[in-house]
Amino acid sequence: MKVGYFVPCYIDALAPQVAISTYKLLQRFDIDLHFIEQAACCSLPLTDMGYTKMACRLEENLVPLLTGYDAIVVPSGICTDQIRDHLTDDEDKSDTFKVRESVYDLVEFLHDVLKVQSLPWAKFPHKVALHNGCHSLRYLRHARPTELMEPDFSKTEDLLKLVEGIEIVYPERKDECCGFGGTFAVWDTSCAGQMGIDKVNDYIRQDAHIVTSADYSCLLHQQTIAQKNGIDLKAYYIAEILNGDVQL
C-alpha cells in the first residue's frame, strides 16, 4: 500500500513533535510510506468563515500533492474532515474526488484500514482524559456521539487500550465542545475561552492531569487555557502516546 503522509500547516508550525511521532508510528507498519514535503493549507479557515470560492482555489495547490496514493494519512481529524467533505469546486475533477475518498486521519487509518491489534512498544502508566473533538466525533465517527441511540463504540479508546498501563477517563460532559472551533476561538474569544475553562476543569474533577486527542487543534486551545489559568494539565496528541514517545 502506497501511503502519503500529509502534515497540516498548523501542526508543522506549532507542534512538530506531533508530526514526528505520527511519522515514526506509521513507519512501524508494513506500508510504503511517503512524506509529502511541500506544505499546503487544506483551506479550513476559509471554509469556516464562509469563503467557499476562495477555499476552492486552494485545491489547485493541494490536490496535486495528494494524488497518486492508495491512502493519505493526516494527523488531524479536523483537517481530514475538511479534505474529505469540503474539498471541491465548480468542476467535476476526478483527481479531487479520488483524494477525498482516499484520505484518513491517523485513528481511522490504524483502526479501520490497518486494523491494529497490538502496540507492544507502548507503555504509559498514567490516568489520561480522552477528548474526542467535534469534527472527529460527528463527521469522522471516531466514537458514538451521546445524542445518537446506537451501539456504543470508540475507535480512539480501542487504540489507547492497546497501551500498557494506561487508564482512560472522560469528562462528565464528554461530547461538549472545548471552544476551539477554528476561527470561532478568534472572533468570539470570551465564549471560546469559557468553554475551554469548563472543559479543562472537567478533566481535573476526574483527577486527570493529562489529556489526549486525535485533534491537536483542540489540545492547543485546552493547553493554552490551562497555562493561562494556572491549571496543572499536560496535552499530548494520540500518536505521542501510541508510539511511546511521552516520558514523564
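The values are calculated or read from the model by the stated rules, or taken from the named source; none is laboratory data. No experiment lies behind these values; they were computed from the predicted model shown. Note that each Cβ is placed from the backbone with ideal geometry, even for glycine, and that neighbours are counted across all protein chains shown.
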Residues of segment 8-22 satisfying the condition of being at pLDDT 95 or above, crowded, with 21+ Cβ neighbours inside 10 Å and either β-branched (Val, Ile, Thr) or more than 14 Å from the chain's Cα centre (by Cα) (or both): 18, 22
Out of the helices (runs of 4 or more DSSP H) lying entirely within segment 116-209, which hold 3 or more residues that are at pLDDT 90 or above and within 23 Å of residue 8 (Cα to Cα)? 134-138, 155-160
Filtering segment 106-135 down to residues that are touching a residue at least 60 places away in the same chain (Cβ under 8 Å) and touching a Lys or Arg at 6+ places or on another chain (Cβ under 9 Å) yields 107, 110, 119, 121, 130, 131, 132
Within the bounds of segment 67-74, is there any residue that is at pLDDT 90 or above, closer than 21 Å to residue 239 by Cα and among the small types (Gly, Ala, Ser)? yes
Return the only residue of 156, 80 being in contact with a strand residue (DSSP E or B) (Cβ under 9 Å, 6 or more places away or on another chain) and not assigned by TED's automatic domain parsing to the domain that holds residue 32. 156
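Tell me the residue from 246, 211, 163, 200 that is over 18 Å from residue 22 (Cβ atoms) and crowded, with 17+ Cβ neighbours inside 10 Å, please. Reasoning before the result, please.
Values: 246 fails: over 18 Å from residue 22 (Cβ atoms); 211 fails: over 18 Å from residue 22 (Cβ atoms); 163 fails: over 18 Å from residue 22 (Cβ atoms).
Every option except 200 fails the conditions.
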Could you list all residues from segment 231-243 that are buried (at least 20 other Cβ atoms within 10 Å of the Cβ) and either under 14 Å from the mean Cα position of the chain (by Cα) or assigned to a strand (DSSP E or B) (or both)? 235, 236, 237, 238, 239, 240, 241, 242
Test each condition in (1) touching a residue at least 40 places away in the same chain (Cβ under 8 Å); (2) buried (at least 23 other Cβ atoms within 10 Å of the Cβ); (3) within 29 Å of residue 83 (Cβ to Cβ) for residue 177 and report the one that comes out false. (2)
Considering only segment 111-156, how many residues are crowded, with 23+ Cβ neighbours inside 10 Å, closer than 22 Å to residue 42 by Cα and among the hydrophobic types (A, V, I, L, M, F, W, C)? 2
Consider only pairs whose beta carbons are under 9 Å apart and that are at least six residues apart or on different chains; among these, list those whose first residue lies in segment 218-231 and is under 12 Å from residue 199 (Cβ atoms) and in contact (Cβ under 8 Å) with a residue 12 or more places away in the chain and whose second residue is in a loop (DSSP other than H, G, I, E, B) and of a type in the set (D, E, K, R). 226/232
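Of all residues in segment 110-143, which are basic (Lys, Arg) and under 16 Å from the mean Cα position of the chain (by Cα)?
Here is the first cut: in segment 110-143, the ones basic (Lys, Arg) are 115, 123, 127, 138, 141.
Once the filter is applied, which keeps residues that are basic (Lys, Arg) and under 16 Å from the mean Cα position of the chain (by Cα), segment 110-143 yields 138, 141.
This table checks each residue for (1) touching a helix residue (DSSP H, G or I) at 6+ places or on another chain (Cβ under 7 Å); (2) of a type in the set (A, V, I, L, M).
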| position | (1), (2) |
| --- | --- |
| 60 | no, no |
| 73 | yes, yes |
| 85 | no, no |
| 116 | yes, yes |
| 124 | yes, no |
| 139 | yes, no |
